[in-house]
Amino acid sequence: MDTKHQHFIIHKPWGMISQFVNPAKRKKKLLGDLYDFPEGTMAIGRLDVPSEGLLLLTTDGKVSAEIRSNKYEKEYFVQVDGIITANEIHQLKNGVEIGFNGKKYTTKPGKAKLIADPKFPLRSQKIRDERHGPTSWLSICIREGKFRQVRKMTAAVGFPTLRLIRVRIGEIELGNLDVGGVLEIKNLI
């Protein structure tokens with residue numbers, strides 16, 4: 001057991017900034033509002049404010065760098081606007097062109113499949129209701145993590161993301177951790 005460093009799994013709620021300081025002084029909750037983390041705790045990667053789900057934190061910079069590498073697959077459950085077809089899922093698997101840092105970028109091949117509604121708890125801001133048309137749920141697995149990549153990928157195939165929840169990083173799963181929940185674990189890798 002690593003006794004000098006601490007590691008945490010959190011279920012980041014919608015609307016929270018994945019940081020301990022608020023650079024824009026926006027009225028948003030921060031990671032430190034969830035739990036009294038030890039000094040030196042850092043988020044491993046980020047989830048943007050409207051995204052939810054699994055976020056890993058550690059006091060070990062080497063572990064952080066390792067997990068942010070392309071060695072670990074990240075899985076997202078994504079609710080999109082409309083009924084997505086096999087053609088668009090095929091495109092998502094094989095890579096789509098998105099904008100990144102002002103340039104065109106083709107995402108690396110990954111995994112994508114249609115899934116049943118995972119029945120996550122409703123979030124604090126309603127997405128929309130059924131009268132605005134049908135939606136689909138997907139599982140998308142990638143190893144890279146460009147800024148807002150999954151949202152850009154679904155938009156590139158004509159299906160904007162309505163809700164995005166990270167459910168897995170490598171072998172670590174969100175599981176049944178309550179929204180806003182924090183769990184200290186022995187090891188991340």
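A few remarks follow.
- The condition (being assigned to a strand (DSSP E or B), of a type in the set (A, V, I, L, M) and surrounded by 13 or more Cβ atoms within 10 Å (Cβ to Cβ)) is satisfied by just one residue among Leu138, Leu188: Leu138.
- Boolean, Ile98 is crowded, with 17+ Cβ neighbours inside 10 Å, β-branched (Val, Ile, Thr) and more than 19 Å from the chain's Cα centre (by Cα): no
- Given (1) closer than 27 Å to Asn187 by Cβ; (2) among the hydroxyl-bearing types (Ser, Thr, Tyr); (3) surrounded by 14 or more Cβ atoms within 10 Å (Cβ to Cβ), number of the condition Ser69 does not satisfy: (3)
- Residue among Leu55, Leu30 that alone is hydrophobic (A, V, I, L, M, F, W, C) and closer than 15 Å to Ile169 by Cβ: Leu55
- Ile17 satisfies every condition listed in (1) crowded, with 16+ Cβ neighbours inside 10 Å; (2) free of Cβ contacts under 8 Å to residues at least 60 places away in the same chain; (3) closer than 23 Å to Glu173 by Cβ; (4) of a type outside the set (Phe, Trp, Tyr) except (3).
FYI, it's all coordinate maths here, none of it is from the lab. Keep in mind it's a predicted model, so treat the numbers as computed, not measured. Heads up, the Cβs are rebuilt from the backbone with ideal geometry, glycines too, and the neighbour counts pull from every protein chain shown.
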